[in-house]
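Below: the structure, in structure tokens.
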Amino acid sequence: MNGTLIFDGKCGMCTRSRDLVVRMDRHGRVAAVPLQRPGTAEWLGVTPQALAESAWWLDASGELYRGAEAVNATLSAAIGSRLPLMVYRLPGIRQIQDAVYRWVSTHRHRLPGTTPYCRSHPTEC
């Protein structure tokens, strides 16, 4: 399962999470682009508002995931196992992870992070 993670490049916590996934991905299965990259909403076929609300995963087959499901799909690709995505899809787990994701997403700018990607790579944003 190869694909692209679309993350908030102006968020330090999101950048730290992206960096962790890139380190976990030892086989080059995960590409990562900031949602601020011009043309990203059009490329994914979503509105700019929807794009800014969640992390996204676009897999090699063209399937698009958002939010907690996107995080699990990204982890699945990074570690080379569908296990995170399979666990996410268990009854009850999806609802719990979606609720946690919404809380983290809402508070992401208050959570510990690193230098935001768009600050250190301004030409890509």
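Just so you know, all these numbers are worked out from the coordinates, no wet-lab data involved. Worth saying up front: this structure is predicted, and the values here are computed from it rather than measured. Note that each Cβ is placed from the backbone with ideal geometry, even for glycine, and that neighbours are counted across all protein chains shown.
Observations, loosely collected:
- Note on the chain: helix-only mean residue ellipticity at 222 nm, from DSSP H runs of 4+ residues weighted -39500 (n - 2.57) and normalised by residue number, equals -14000 deg cm²/dmol.
- Highest mobility in the GNM of the chain, judged by mean-square fluctuation with C-alpha springs under 10 Å and restricted to 81, 61, 105, is found for 61.
- Additional length obtainable on full extension of the chain from residue 52 to residue 107, 0.36 nm per residue less Cα span: 18.4 nm
- Judged by the gyration tensor of its Cα atoms, with axes a ≥ b ≥ c, the stretch 65-125 is oblate; a/c meets the 1.5 cut and b/c is at least as large as a/b.
- Positive-end extreme of charge dipole, the stretch 1-101 - chosen from 43, 4, 81 (charges on Cβ): 81
- Among 46, 33, 21: highest mean-square fluctuation, GNM of the chain, C-alpha pairs under 10 Å: 46
- Relative contact order (%) - criterion: Cα under 8 Å, at least six apart; region: the chain: 38
- The stretch 1-87: GluC sites (Glu not before Pro) in DSSP coil with no more than 15 other Cβ atoms inside 10 Å: 63
- Rounded, prolate or oblate (a/c below 1.5 giving rounded, otherwise prolate when a/b exceeds b/c) for the chain by Cα gyration tensor: rounded
- DSSP-loop trypsin sites (Lys or Arg not before Pro) across the stretch 68-125, with at most 16 other Cβ within 10 angstrom: 82, 89
- On the beta carbon distance between residue 89 and residue 2, with R0 = 25 Å, the FRET formula returns roughly 0.80.
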